[in-house]
Amino acid sequence: MRDHNARRLELLDAATTVAWEQAGRQGLQQELAPSFQRAEAQLAAMRQMTRDFREPVIWVLLAILARGIAEIVAFVLLDQDLIKHDQAEAGVEYEISQIYGRLGQQLPPPDQGRVKRPDNYVGRIVATIVSFGIYMFWWYYNQMQEPNKHFAINWAQEDQLVKAVAAVS
């Protein structure tokens, strides 16, 4: 997720930069400035996430030393990170679709229904305790499945965005 966030940030930032330059050539910068400002606010949220401490090696060591508790804390933090990232990413994608639409390249807006909702953390913890830890296996599965689903959704959007950037460049 850390590497994905950095890569998506770079892609969306570059697409925004190209659009700003093209808007300047077409005399649309003033008209599109509010969309660029909203996109920049979402990009700032993604930039902030690159500074969050989520070093995988440290979490593995914590998981070994504090079996169960560290994983639960990590799962909650990872879920919250995915939600925060997904909301910011969808916000940038929406603004970019509006900007590129005005520049003559249609990009579909992101599906707002795809934005991850928070897990029921208390319910998951209770299920883990009641099942004597067996539920953790399902929770592990979810921790792998949800980001992979997020990545798959991004692939189609990235392909369309790259084509739009190439067309306006």
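Criterion first (open to solvent by less than 30 Å² (accessible area, probe 1.4 Å) and either among the acidic types (Asp, Glu) or over 30 Å from Thr17 (Cβ atoms) (or both)) does Asn142 satisfy it? Spelling it out, Asn142 is indeed open to solvent by less than 30 Å² (accessible area, probe 1.4 Å) and either among the acidic types (Asp, Glu) or over 30 Å from Thr17 (Cβ atoms) (or both). Consider the stretch 64-73 and keep the residues that are open to solvent by 20 Å² or more (accessible area, probe 1.4 Å) and in a helix (DSSP H, G or I). The one that is farthest from His4 (Cα to Cα) is Leu65.
Out of Ala14, Ala44, Ala70, Ala23, one residue alone is of a type in the set (A, V, I, L, M, F, W, C) and under 24 Å from Met144 (Cβ atoms). It is Ala70. In the stretch 1-20, the qualifying residues are those that are among the β-branched types (Val, Ile, Thr) and closer than 30 Å to Glu55 by Cβ, and the one that is surrounded by the fewest Cβ atoms within 10 Å (Cβ to Cβ) is Thr17. Pairs linking a residue in the stretch 106-117 that is within 13 Å of Lys149 (Cβ to Cβ) to a residue that is modelled with pLDDT of 85 or more, with Cβ atoms under 6 Å and 6 or more positions apart or on different chains, are Arg114/Ile153; Val115/Asp86; Val115/Gln87; Val115/Ala90; Lys116/Leu82; Lys116/Ile83; Lys116/Asp86.
For the stretch 118-152, the set of residues classified as under 20 Å from Ala90 (Cβ atoms) and in contact (Cβ under 8 Å) with a residue 40 or more places away in the chain consists of Asp119, Glu146, Pro147, His150, Phe151, listed by residue number.
Here Lys163 meets each of (1) free of Cβ contacts under 8 Å to residues at least 60 places away in the same chain; (2) more than 29 Å from Glu10 (Cα to Cα) with one exception, condition (2). Condition first: open to solvent by 20 Å² or more (accessible area, probe 1.4 Å), at pLDDT below 95 and part of a loop (DSSP other than H, G, I, E, B). Can you find one or more residues in the stretch 87-100 that meet it? No: zero hits.
Could you look through the stretch 21-53, keep only residues that are open to solvent by less than 70 Å² (accessible area, probe 1.4 Å) and not in a helix (DSSP H, G or I), and pick out the one that is nearest to Gly104 (Cα to Cα)? Only one residue tops the list, namely Leu28. Just one of the numbered conditions (1) of a type in the set (Lys, Arg); (2) modelled with pLDDT of 95 or more; (3) under 24 Å from Pro147 (Cα atoms) is not true of Arg38: (3). Taking first residues from the stretch 57-69 that are under 19 Å from Ile129 (Cα atoms) and partners that are at pLDDT 80 or above and of a type in the set (Asp, Glu), the Cβ contacts under 9 Å between residues at least 6 apart in sequence or on separate chains come to Ala63/Glu71.
The values are calculated or read from the model by the stated rules, or taken from the named source; none is laboratory data. The model shown is predicted, which means the values in this text are computed figures rather than measured ones. For neighbour counting, all protein chains shown are included, and Cβ atoms are generated from backbone atoms with ideal geometry for every residue, glycine included. These area figures cover heavy atoms from the full protein model, side chains too; ligands, DNA and RNA do not enter into them. Shrake-Rupley method; radii C 1.70, N 1.55, O 1.52, S 1.80 Å.
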